[in-house]
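First the structure, in the form of structure tokens, and then the observations on it.
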Amino acid sequence: MKTPQPPPSHSSNSPELANYRSGVGIVLFNKDGYVLIAERLDNPGNWQMPQGGIDDDEAPETAVFREMEEEIGTRNAEILGMLNDWLCYDFPPALAKKLWEGQYTGQRQKWIALRFLGQDSDIKLDTHSEPEFARWKWVPLKDLMQYVVPFKRAVYEMVIKEFSRYIA
């Protein structure tokens, strides 16, 4: 197995970024300082924090609430902070060929930490016409790495390092 490498350090205007799908990553903290992860419907056993694409001319701060509502059924949160840099990861080659008709080699993401203001009952994975997740749970931020697929490990390590200050 290939050892994960740190994400490429591309500036936001770098021509190489044309091969990366722009998106947001959602680090949703509950009142106890745990973060939400969800199990993918299309790949049982694979858990991740919610994430999704940024529409053309959409600010990351807008996209994060839209994606959160689409993926977990709620916008009931407030932004705590956002990474200054975009974090990039490459898809495994076989996956890159299948996703978005092979248009992208990976994703570049703006990661945003949010505090969940609602109740667990507000989280509904089936509100979107094409749900992505089968189930969800709250986990300690320090335990995230045991759930991460190998090609996202370097990104998650950076997110954990940067957002550990938001643990309640």
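The values are calculated or read from the model by the stated rules, or taken from the named source; none is laboratory data. Please read all numbers here as calculations on a predicted model, not as lab measurements. We place every Cβ from the backbone using ideal geometry, glycine too, and count neighbours over all the protein chains shown.
If only residues of region 104-132 that are surrounded by 21 or more Cβ atoms within 10 Å (Cβ to Cβ) and charged (D, E, K, R) are counted, the one that is farthest from the chain's Cα centre (by Cα) is Arg108.
Quick one: which residue in Lys97, Lys152 is modelled with pLDDT under 95, in a helix (DSSP H, G or I) and more than 14 Å from the chain's Cα centre (by Cα)? Reasoning before the result, please.
Details: Lys152 fails: more than 14 Å from the chain's Cα centre (by Cα).
Exactly one of Lys97, Lys152 is modelled with pLDDT under 95, in a helix (DSSP H, G or I) and more than 14 Å from the chain's Cα centre (by Cα), namely Lys97.
In region 148-166, the residues that are closer than 12 Å to Trp111 by Cα and among the charged types (D, E, K, R) form Cβ pairs under 8 Å with partners that are modelled with pLDDT of 95 or more and crowded, with 17+ Cβ neighbours inside 10 Å, at six or more places apart or across chains, as follows: Glu162/Leu83; Glu162/Trp111.
Return yes or no: is Ala38 assigned to a strand (DSSP E or B) and either over 12 Å from the mean Cα position of the chain (by Cα) or at pLDDT 95 or above (or both)?
Details: assigned to a strand (DSSP E or B): yes; either over 12 Å from the mean Cα position of the chain (by Cα) or at pLDDT 95 or above (or both): yes.
So Ala38 fits the description; yes.
Screening Gly73 on (1) within 20 Å of Lys161 (Cβ to Cβ); (2) touching a Lys or Arg at 6+ places or on another chain (Cβ under 6 Å); (3) surrounded by fewer than 20 Cβ atoms within 10 Å (Cβ to Cβ) shows it passes everything except condition (1). For region 50-73, the condition of being more than 23 Å from Pro140 (Cβ to Cβ), among the aromatic types (Phe, Trp, Tyr), in contact (Cβ under 8 Å) with a residue 12 or more places away in the chain and touching a His at 6+ places or on another chain (Cβ under 8 Å) holds for none of the residues.
Checking region 93-107 against the condition returns no match, with no residue being touching a residue at least 40 places away in the same chain (Cβ under 8 Å), touching a Pro at 6+ places or on another chain (Cβ under 7 Å) and closer than 20 Å to Glu39 by Cα. Scanning region 125-147 for residues that are in a loop (DSSP other than H, G, I, E, B) and in contact (Cβ under 8 Å) with a residue 12 or more places away in the chain yields Leu125, Asp126, Thr127, His128, Pro131, Glu132, Tyr147. A residue that is buried (at least 17 other Cβ atoms within 10 Å of the Cβ), assigned to a loop (DSSP other than H, G, I, E, B) and among the aromatic types (Phe, Trp, Tyr) can be found somewhere in region 81-94.
Within region 49-67, identify whether any single residue is part of a strand (DSSP E or B), modelled with pLDDT of 90 or more and farther than 19 Å from Val155 by Cβ, and answer yes or no. Checked against the condition, which is being part of a strand (DSSP E or B), modelled with pLDDT of 90 or more and farther than 19 Å from Val155 by Cβ, region 49-67 yields no hits at all.
Would it be correct to say that Glu61 is under 21 Å from Ile160 (Cα atoms), out of contact with any helix residue (DSSP H, G or I) (no Cβ under 6 Å at 6 or more places or on another chain) and not hydrophobic (A, V, I, L, M, F, W, C)?
On the way: under 21 Å from Ile160 (Cα atoms): yes; out of contact with any helix residue (DSSP H, G or I) (no Cβ under 6 Å at 6 or more places or on another chain): yes; not hydrophobic (A, V, I, L, M, F, W, C): yes.
Answer is yes for this residue.
Would you mind stating whether Asp122 is without any contact (Cβ under 8 Å) to a residue 12 or more places away in the chain and within 16 Å of Leu36 (Cα to Cα)? Considered against the rule, which asks whether it is without any contact (Cβ under 8 Å) to a residue 12 or more places away in the chain and within 16 Å of Leu36 (Cα to Cα), Asp122 comes out as no.
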